[in-house]
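The values are calculated or read from the model by the stated rules, or taken from the named source; none is laboratory data. Worth saying up front: this structure is predicted, and the values here are computed from it rather than measured. Here the Cβ positions follow ideal geometry from the backbone for every residue, glycine too, while neighbour counts run over all protein chains shown. What goes into the accessible areas is simple: the full protein's heavy atoms, side chains included, and nothing from ligands, DNA or RNA. Shrake-Rupley method; radii C 1.70, N 1.55, O 1.52, S 1.80 Å.
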Amino acid sequence: MSNSGSREAKAAHLRQLLETEGDAVAQNTRGFNAGRYDSVSRLDDYEALKADAREIKEDAIARLPELIDRVERTVEANGGTVYIADDAADANRYISDVCDERSAERVVKSKSMTTEELAVNEALEADGVDVVETDLGEWVLQVADETPSHIVAPALHKSRERIADLINETFDPEEPLETAEELTMFARDHLGELIEGADVGMTGANFITADTGTIALVTSEGNARKTVTATDTHIAVAGVEKVVPSFEDLAPFIELIGRSGTGQDITSYLSLLTPPVESPAVDFDEPEVAVADGDVDRDFHLVLVDNGRMAMREDDQLRETLYCIRCSACANSCANFQSVGGHAFGGETYSGGIATGWEAGVHGSDSAAGFNDLCTGCSRCVDACPVGIDIPWINTVVRDRLNREGDEGQFDFLYEGLVPDEEPGGIDVQKRLFGNYETLAKLGSATAPVSNWIASTRPARAALERVAGVDGRRELPDFQRETLRDWYASRGPRIDAADADREVVLYPDTYTDYVDVDRGKAAVRVLEALNVRVRIPDVAESGRAPLSQGMVDTADERASRVYGTLAEHLDAGRDVVVIEPSDLAMFHREYEKLLPERSFERLRDSSYEILEFVYGCLENGADADSLRGDAEIAYHSHCQQRTLGLEPYTTAVLEEVGCDVLESDVECCGMAGSFGYKSEYYDLSMDVGDRLREQFTEPAAADRIVVASGTSCEDQLGSLLERDAAHPVEVLDPHRRTGR
Amino acid sequence: MGTDTAATFEKSLERLNVERTATAATDVHGVLEDVCTTPTVGSSLPFDGVSLPEWVNDTPTPEDLRDAETGISAASIGIADYGSVVLPARPDGSESVSLFPDTHVAVLRMSDIVPGIPEAIARLGDEFRAGNDTAIIATGPSATADMGSLVTGAHGPKEVHVVILDE
Ligand code: SF4
């Protein structure tokens, strides 16, 4: 399929999911996400718990081979059997053999994503074994013959009405079922009987402790308990990464897993089983023999699955994925996931932000390729992840690898000539275009306004859409002939070096320099009003644009250039002030991966978001009266700015200068850099933005000045609201005209 | 265990909508009579001076479990922060007694209430290494939201009642 053809197909698929599943997904995931914020806020020391959890996982994965040996010895000493399966086929063969040996006719299962990964059900069914999912969500999917759309609440894409229709059609009960209560009780009875007659119980494991051989299962329904109690043969299937060194290591995870996922402080049941358990099996084939007197010989098998995990462990970039406890926070906190769910934002088995790492590791990069672009790098999941995985980075790295797997024959002479990047010829034209935004901006500005006129002509837009997938419904940036740096060079600083309280470098990000020059001018005037002397040197693009397209080498080269230029300013004691949060986030987060540690730390420790810097000046005695204020503001922070915890400075400064601020609470505006410009994602981007539109068109917000910290948020708000959005620093600009 | 811990535990139970009754060991039978709906099955209560009343079936068959309205079993630890009870699985089938009937009555000594998860896990760690093999940390009734909204009593008990022995 041609690129534009596959973009259309992708757009159509997303539109269809938005229509059919979008509402249920949105309602459920947003509920979970709000619950998470509430629930973790009740913890005395959330950050310390997360740090503990992270440390335990780092240590466990580092020592994994030794811990696996230990588990094997412990479980066998307890009387169980351990089988280490190399891959899915190996695991399924073993599980089939166990079922065969026990002459099992029916296997009852509690929820396990790992068994989804292995496709155990299909393997057993091929042997004629009846497999019954007992988790209500999984059961609904089994009846509907659908796949999970969420790793914790697998059927969350189905509304109650749709579930009721499905159950009524399939089972034809005397009275049609309607309420959640009726549906649940029907399922309880139906599954209860199936569990009573089952021969083998299969569970996953959330954690396995090496010292005691204990399986920890986090559940709410009680089906895992029944599955184990009512059968004499228990097969637990888990990835090797689930092993932790000691029983005590469970503590932080117990407190974090439910809160992070569905926003429950703790789930109803945490089963701590050290199998084969002594607790007698309830044998419904002998209904009149007292349970305690039953003569049941319990059998236990732990199947530890490698299936690519040991190779992930050797992979410096994917290793972190193994720390994942599959809580689902990275799905629920993701604006794109909230709109389309795991049927779009997921691969063969896993869904949500971390799915890229899992899919690339266990199923191969093809499975990750289909949805990896849905991670925009907004980073809202980073603070939500209980084990501190840099999920956007994993997405970036896999995107980079996918770029490299591209068809070398797709070499595009035009772009090869135009774009001085470090990437191989196979990379997709669209990615290359957005990744080289700086080059485009330079060219566009040098030839403005002609370049703007040409770009906005219909033939040019059509070509841009067809070749590079730039959606025709988006307004293109309007390049300015006079860049911020040109302007400043001819105007010069207005604060004398001798009188200045400070001297700073104002980082000329590509957008401010070439497109939104006004916000750059406002920033200069605000800084000068605070008696700060400004320098605007020629600094390279931060690498954000190429990185967002998975062009890691190009981003790496940019980071070196940026640091090279800024180093002497840092030596001279000048702070670096940044207007665009996504560039600041590069300096504060991603440069850790791209620069030597000392360079990274120096730049990070001396660079500030502009309103954060203004806040600091005011705190240190600068005069707030020199700034404009006194306006009613509707403020949308920026996703990466939030992840860095910087948005409170903007609100505080605006309030200090007498503004009335109403802040949005949506995770992301939906534009996310270049994402919303891409024709295949336009509808999704607008759907995500819709929540912001709703908030800012409510009566309390409708007449306010709309303010956003990020470039792409400004653009998105512009198209959502059909009124212009400004940067907060423009509100403070002493030259601001009244009313703006 | 301080009185604070016990008060926190009670508050947590209240938040979970879990009924609770504090009682002296000598009055346990009366309390159980009030809170249980017959038929009731039970697993032995390993606390000094406390036993199951005679009207409780303490050697239930699978058939009895199916028919029982209430199941009584012992909790070895209470966790104040969460209102959780730790249910050790004993060879007499306490696990099935606490799981199959619609109402579970957990009997807990007040002195076994600990402040939080770390304390509970530390205690369980010692027990597990000493050979005790299975326990459930149960918090409130069984629940699911898989059918469109929150419903209690998915596969396990619909209601939980904690009887706290005030020694
Ligand atoms: S990556 Fe982190 S947030 Fe996402 S599911 Fe795994 S543990 Fe949860």
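Which of the residues in segment A:178-197 show a loss of at least 30 Å² in accessible area from their chain by itself to the complete set of protein chains, at a probe of 1.4 Å? In segment A:178-197, residues shielded by partner chains: A:ALA180, A:THR184, A:MET185, A:ARG188, A:GLU196.
Scanning chain B for helices, which whole DSSP H stretches are 24 Å or more long along the axis (Cα) and average 0.0 or more by Kyte-Doolittle? Within chain B not a single helix satisfies the rule.
Residues of segment A:269-284 buried by at least 30 Å² of accessible area upon assembly of all protein chains, compared with the chain on its own (1.4 Å probe): A:TYR269, A:LEU270, A:LEU272, A:THR274, A:GLU278, A:SER279, A:PRO280, A:VAL282, A:PHE284. Going by a ≥ b ≥ c, the root eigenvalues of the Cα gyration tensor, does segment A:484-732 fall in the rounded group (a/c under 1.5), the prolate group (a/b larger than b/c) or the oblate group? Cα axes put segment A:484-732 in the oblate bin.
At a probe of 1.4 Å, how much accessible area disappears from chains B and A on forming the pair, both sides counted, to the nearest 100 Å²? In total, this chain pair buries about 4800 Å².
Over chain A, the reciprocal of the mean inverse Cα-Cα separation, the Kirkwood hydrodynamic radius, stands at 27.8 Å.
Peptide A:249-259 has a mean shielding of 3, counted as Cβ atoms of other protein chains within 10 Å of each residue's Cβ.
Leaving out ligands and nucleic acids, note down the accessible area per residue over the protein assembly as shown with a 1.4 angstrom probe, in whole Å². Spelled out: the 1.4 Å probe surface of the protein assembly as shown, per residue, equals 37 Å².
Among the GluC sites (Glu not before Pro) found in segment A:134-223, those both in a DSSP coil and sparsely packed, with 11 or fewer other Cβ atoms within 10 Å of their Cβ, are A:GLU174. Contact order for chain B, expressed relative to its length and based on alpha carbon pairs under 8 Å spaced 6+ residues apart, stands at 28 percent. Here the dipole of segment A:484-732 is about 660 debye; that uses its Cα centre as origin and unit charges on the Cβ of Lys and Arg (positive) and Asp and Glu (negative). Remark: segment B:3-165 carries a charge dipole of roughly 400 debye about the Cα centre, counting +1 on each Lys and Arg Cβ and -1 on each Asp and Glu Cβ.
Rounded to the nearest 0.05, what FRET efficiency is calculated for A:ARG473 and A:GLU632 with R0 set to 25 Å and r the Cβ-Cβ distance?
That gives a FRET efficiency of 0.25.
Report the paramagnetic label zone for A:THR565: residues of segment A:472-497 whose backbone N is under 11 Å from a point 7 Å from Cα along the Cα-to-Cβ axis. Backbone N within reach: A:485.
Suppose we keep just the DSSP beta bridges with both residues in chain A; what percent of those would be antiparallel, to 5?
20 percent
Normalising by the residue count of chain A, find the relative contact order in percent from Cα pairs under 8 Å and 6+ residues apart. Taking the mean separation of contacting Cα pairs over the length of chain A, I get 12 percent.
Each Lys and Arg Cβ is given +1 and each Asp and Glu Cβ -1; about its Cα centre, chain A then shows a dipole of about 3360 debye. Using C-alpha pairs below 8 Å separated by at least 6 residues, the relative contact order for segment A:655-740 is 25 percent. The fraction of accessible area contributed by carbon and sulfur in chain B is 46 percent, rounded to a whole number (1.4 Å probe; ligands and nucleic acids excluded).
Taking only protein heavy atoms and a 1.4 Å probe, the accessible area of segment A:3-309 is 42% carbon and sulfur. Pairs over the 31 Å Cα-Cα cut-off, from the set A:LYS10/A:LYS226; A:LYS50/A:LYS111; A:LYS10/A:LYS521; A:LYS242/A:LYS431; B:LYS11/B:LYS158: A:LYS10/A:LYS226; A:LYS10/A:LYS521; A:LYS242/A:LYS431. Farthest toward the positive end of the dipole of the protein assembly as shown, out of B:MET110, A:GLY377, A:LEU304, is the Cα of A:GLY377, where the dipole comes from beta carbon charges about the Cα centre.
Rounded to 0.05, the FRET efficiency of the A:ARG63 and A:ASP189 pair, given R0 = 51 Å and the Cβ-Cβ distance, is 0.65. In straight-distance terms, cross-link reach from A:LYS57 covers every one of the aspartates and glutamates whose alpha-carbon lies under 12 Å from its own, apart from those fewer than eight places away in the same chain; here that gives A:GLU241, A:ASP249, A:GLU320.
Treating r as the C-beta distance of A:GLU619 and A:ALA311 and R0 as 41 Å, the FRET efficiency rounds to 0.25.
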